[in-house]
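All remarks here apply to the structure that follows.
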Amino acid sequence: MALNRPLILVLLVLAATLAYFLRGDAREQQVRQSRILMGTVVEINVLDQDARRAQAAVEAAFAEMARIEELMSVQRPDSEVARLGRAEQSLAVSTETAEVLALGLEIARRSAGAFDPSLGRLKALWDLEGDAPRIPEQAAIAAALEGIGPQALRLEGLRVYKAHPELVVDLGGIAKGYAVDRAVAVLEQAGIASASVNAGGDLRLLGGRGERPWRIGIQHPREAGEVLTILELSDRAVVTSGDYERYFEQDGRRYHHIFDPRTGFPADAVQSVTLVADSAMLADALATAVFVLGPRQGLDLVGEFPGVEVLIVDAAGALHASAGMAELQR
Ligand code: AMP
Ligand code: MG
């Protein structure tokens, strides 16, 4: 008996559709690329069935981060932040720089100046990026701290006013987080549903890793290459500030890159702070602030931000965590 030809056609189409979906599922592509940006290694990892779309999205995300670096890096003499440092009184800036500065100034106020985007002169004085960093003279430290603080910068619309011509702005404690947020926004606009962007410990996740959450290992502050804990998360930012990232040692003491604006010396109450929040910019600023404040005041500050969790390793290596942190740990 001859088979009904339309029926055969329908069966063939069904089989082809099934094969396509099965194969499509198995063909979830991973595009993973690293570049040096903002003084660190940035890795973008995208999962998508369309490799070309994923590749184009990764390119666009890197380009966006490079654009933010050009606006906000103090290392670039033409950046808005560098020009702001040289300005006598005020400078009109882009909406991007204004947005970052607005949050930076809010965290400066709410942390009683532990976070301080006006400490650019102090940072330059310590010169940790230089070839032979050393402890500055006490008089130079005192001069670099003069007039800094949460009131030293004021934002009116897109214009930034400096309280003193000598003030130098530094967004190093917050701009990387913003760049990571922007990269994730660009990936999302490109139709990507699953990705991670990691700028040297400032990390944000888009969606889950396929159907499951991402598993994020948090670097142990004293055991190189060891994880302190593993967090399972989707759609959130995880940012770690540590005293092991940029430092030099002298007479058995470690001098690193997060400064206590009250003393002008590296903050010494903790070894690392890991912050979980929806935005990498907020997590970045808070991680730096908590690093300076130490465990007790740090936990109080984080408690003011709903949905934000923190894990602190104090100077003695003891752990302090906010109430919701345990639920994220595996
Ligand atoms: P992070 O790695 O995010 O903790 O940021 C460290 C960077 O933030 C340093 O390299 C400085 O550029 C800047 N920074 C250092 N100390 C402070 C502070 N107390 N408040 C704001 N930014 C800071
Ligand atoms: Mg930070």
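The values are calculated or read from the model by the stated rules, or taken from the named source; none is laboratory data. Everything numeric here is computed off the predicted structure, so don't read it as measured data. With ideal geometry, Cβ positions are generated from the backbone for all residues, glycine too; neighbour counts draw on all protein chains shown. When the accessible area is computed, the model is the full protein with side chains, heavy atoms only, and any ligands, DNA or RNA have been set aside. Shrake-Rupley method; radii C 1.70, N 1.55, O 1.52, S 1.80 Å.
How large is log10 I(q)/I(0) at q = 0.11 Å⁻¹ when the Debye formula is applied to the Cα atoms of the chain, each weighted equally and without solvent? For the requested q values the scattering log ratios are -0.72.
For the pair residue 151 and residue 323, the difference between a 0.36 nm per residue extended length and the Cα-Cα distance amounts to 58.7 nm. Surface analysis of the chain yields an accessible area of 49 Å² per residue, using protein heavy atoms and a 1.4 Å probe.
A crude spin-label estimate for the pair residue 265 and residue 28, with each label 7 Å from Cα along the Cβ direction, gives 5.0 nm. Label positions at residue 35 and residue 234, each projected 7 Å from the Cα along the C-beta direction, are separated by 2.9 nm. Summarising the amide proton neighbourhood of residue 219: residues at separation of 5 or more, or on other chains, whose placed amide H is nearer than 5 Å comprise 228. Between the beta carbons of residue 127 and residue 106, assuming R0 = 41 Å, the FRET efficiency works out to 0.90 to the nearest 0.05.
Label sites at residue 66 and residue 140, each approximated as a point 7 angstrom past Cα along Cα to Cβ, lie 3.5 nm apart. Within region 134-164, what residues put their amide N at less than 17 Å from the label point 7 Å along the Cα-to-Cβ vector of residue 88? Backbone N within reach: 160-164. Look at the alpha carbon pairs under 8 Å that are at least 6 residues apart: their mean separation over the length of region 84-223 gives a relative contact order of 25 percent. Residues of region 66-81 with amide nitrogen under 16 Å from the 7 Å Cα-to-Cβ point of residue 158? Output list for this probe position: 68, 71-72, 80-81.
In the elastic network of the chain, a GNM with C-alpha springs shorter than 10 Å, the most mobile of 43, 211, 80 is 211. Compute the relative contact order of the chain as a whole-number percentage, counting only Cα pairs closer than 8 Å that sit 6 or more residues apart in sequence. Result for the chain is 15 percent.
Listed by number, the DSSP H helices of the chain that run 15 Å or longer by alpha-carbon position along their axis and have mean Kyte hydropathy of at least 0.5 are 5-26, 280-293.
Our estimate of slack between residue 222 and residue 75, defined as 0.36 nm per intervening residue step minus the Cα-Cα distance, is 50.0 nm.
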